[in-house]
1. Output the number of residues of segment 259-270 satisfying the condition of being out of contact with any Pro (no Cβ under 6 Å at 6 or more places or on another chain) and closer than 21 Å to HIS222 by Cα.
2. Can you tell me which residue is most open to solvent (accessible area, probe 1.4 Å) among those in segment 240-274 that are over 19 Å from GLY126 (Cβ atoms), of a type outside the set (Asp, Glu) and part of a strand (DSSP E or B)?
3. In this structure, is CYS183 hydrophobic (A, V, I, L, M, F, W, C), more than 33 Å from the chain's Cα centre (by Cα) and at pLDDT 95 or above?
4. Would segment 152-163 turn up any residue that is aliphatic (A, V, I, L, M), in contact (Cβ under 8 Å) with a residue 24 or more places away in the chain and touching a His at 6+ places or on another chain (Cβ under 8 Å)?
5. Small (Gly, Ala, Ser), open to solvent by 40 Å² or more (accessible area, probe 1.4 Å) and either in contact (Cβ under 8 Å) with a residue 24 or more places away in the chain or in contact with a Ser or Thr (Cβ under 7 Å, 6 or more places away or on another chain) (or both), is that true of SER168?
6. I'd like the full set of residues that are open to solvent by less than 20 Å² (accessible area, probe 1.4 Å) and either at pLDDT 95 or above or among the small types (Gly, Ala, Ser) (or both), limited to segment 217-234.
7. Taking segment 235-264 as the region of interest, how many residues are touching a strand residue (DSSP E or B) at 6+ places or on another chain (Cβ under 8 Å), within 27 Å of CYS110 (Cα to Cα) and touching a residue at least 60 places away in the same chain (Cβ under 8 Å)?
8. Could you identify the single residue in GLY76, GLY82, GLY55, GLY133 that is at positive phi, open to solvent by less than 80 Å² (accessible area, probe 1.4 Å) and either assigned to a loop (DSSP other than H, G, I, E, B) or at pLDDT below 85 (or both)?
Amino acid sequence: MNGQIFLALGLVAFLLSFVEGGAVRRSERHAAEVAIADENNKTQRYIEILQGRDGRDGLPGPPGPAGKDGKDGEPGPEGATGEPGIQGPTGPHGPKSGGVVYTRWGRTTCPDTPGTELVYSGVAGGSFYNHEGGGANYLCLPEEPQYGEFLPGVQNSALYGAEYEIYSGGPISFSLHDHTPPCVVCYTSRRQTKLMIPARMECPVNWTTEYTGYLMSAYHGHKHSSTFECMDSEPEAASGSVGNQDGALFYMVDTVCTSLPCPPYVEGKEVTCAVCTI
């Protein structure tokens, strides 16, 4: 009986020690797990301190390398047209192009019109008034001729000086009879076309009047015919020219009412003229 009691007490003691040992081991495992979790938390916080949680709380990094200059990208849409800029200053005159040349008969200077300049000055000449051959046109001969090779003597067509056949009392109030008409060849860079209009003393609208005068040519009873030229209305005489030497002659031109419409033309009136450019 006593033996059984001791055996039962021993079994109880063994069970109690087993239970207490299990509890101790569970407590130890729990403590270890808490310690590991605590270490993990510490490690995570340390990592967060070093790296930042999501980058927002960390210090900004250094600037990255420069990107491309965009020339490989697609062009953007066209922008709106800007306002017109301020007009710049007028540029220098360009090289001469075009222009027109004409002769001013009876004067030593070119007209004072914009863009007009002297090419050369001279005296009038042509074929002898009573020769059957020769040139029909009057020439403005330069004051300083140049010659090439030549054969002395007159063997061919002859060139003479010219003279006015103008007396006082007509449209020109002073006598220039037997004087040599001067002439000038003029160039105007601002116009492109020249026109001599007979029987007019003004030019059409938008045209420039270079000069006005009286129509002159050869005498109708002479053998030699000449072109009509516009002699300036205020003619001059070439220096040192006087005396009846004849040669190419300039006569006033009068209207004759046969096939001309009269009126508006009037028999026997001297014909005017105008040299116009545009």
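The values are calculated or read from the model by the stated rules, or taken from the named source; none is laboratory data. Just so you know, these numbers come straight off a predicted model, no measurement behind them. Every residue, glycine among them, receives a Cβ derived from its backbone with ideal geometry; neighbour counts consider all protein chains shown. Ligands, DNA and RNA are stripped out before the accessible areas are found, and what is left, the full protein with its side chains, is counted by its heavy atoms. Shrake-Rupley method; radii C 1.70, N 1.55, O 1.52, S 1.80 Å.
1. If we filter segment 259-270 for residues that are out of contact with any Pro (no Cβ under 6 Å at 6 or more places or on another chain), which is where we start, we get 259-269.
Restricting the remaining residues to those that are closer than 21 Å to HIS222 by Cα gives 268-269.
Number of matching residues: 2.
2. Restricting to residues being over 19 Å from GLY126 (Cβ atoms), of a type outside the set (Asp, Glu) and part of a strand (DSSP E or B), the top hit is THR272.
3. Numbers: hydrophobic (A, V, I, L, M, F, W, C): yes; more than 33 Å from the chain's Cα centre (by Cα): yes; at pLDDT 95 or above: yes.
Here the answer is yes, as CYS183 does meet what is asked.
4. Here is the first cut: in segment 152-163, the ones aliphatic (A, V, I, L, M) are 154, 158-159, 162.
This time we only want the ones that are in contact (Cβ under 8 Å) with a residue 24 or more places away in the chain, so: 158-159, 162.
Now drop any that are not touching a His at 6+ places or on another chain (Cβ under 8 Å), which leaves 158.
Among the residues of segment 152-163, at least one is aliphatic (A, V, I, L, M), in contact (Cβ under 8 Å) with a residue 24 or more places away in the chain and touching a His at 6+ places or on another chain (Cβ under 8 Å), which makes the answer yes.
5. Details: small (Gly, Ala, Ser): yes; open to solvent by 40 Å² or more (accessible area, probe 1.4 Å): yes; either in contact (Cβ under 8 Å) with a residue 24 or more places away in the chain or in contact with a Ser or Thr (Cβ under 7 Å, 6 or more places away or on another chain) (or both): yes.
So SER168 fits the description; yes.
6. Taking segment 217-234 and keeping what is open to solvent by less than 20 Å² (accessible area, probe 1.4 Å), we get 217, 224, 230-232.
If the condition is that a residue be open to solvent by less than 20 Å² (accessible area, probe 1.4 Å) and either at pLDDT 95 or above or among the small types (Gly, Ala, Ser) (or both), then SER217, CYS230, MET231, ASP232 are the ones that fit.
7. Looking only at that region, the number is 12.
8. Values: GLY76 fails: at positive phi; GLY82 fails: at positive phi; GLY133 fails: at positive phi.
Just one listed residue meets the conditions, GLY55.
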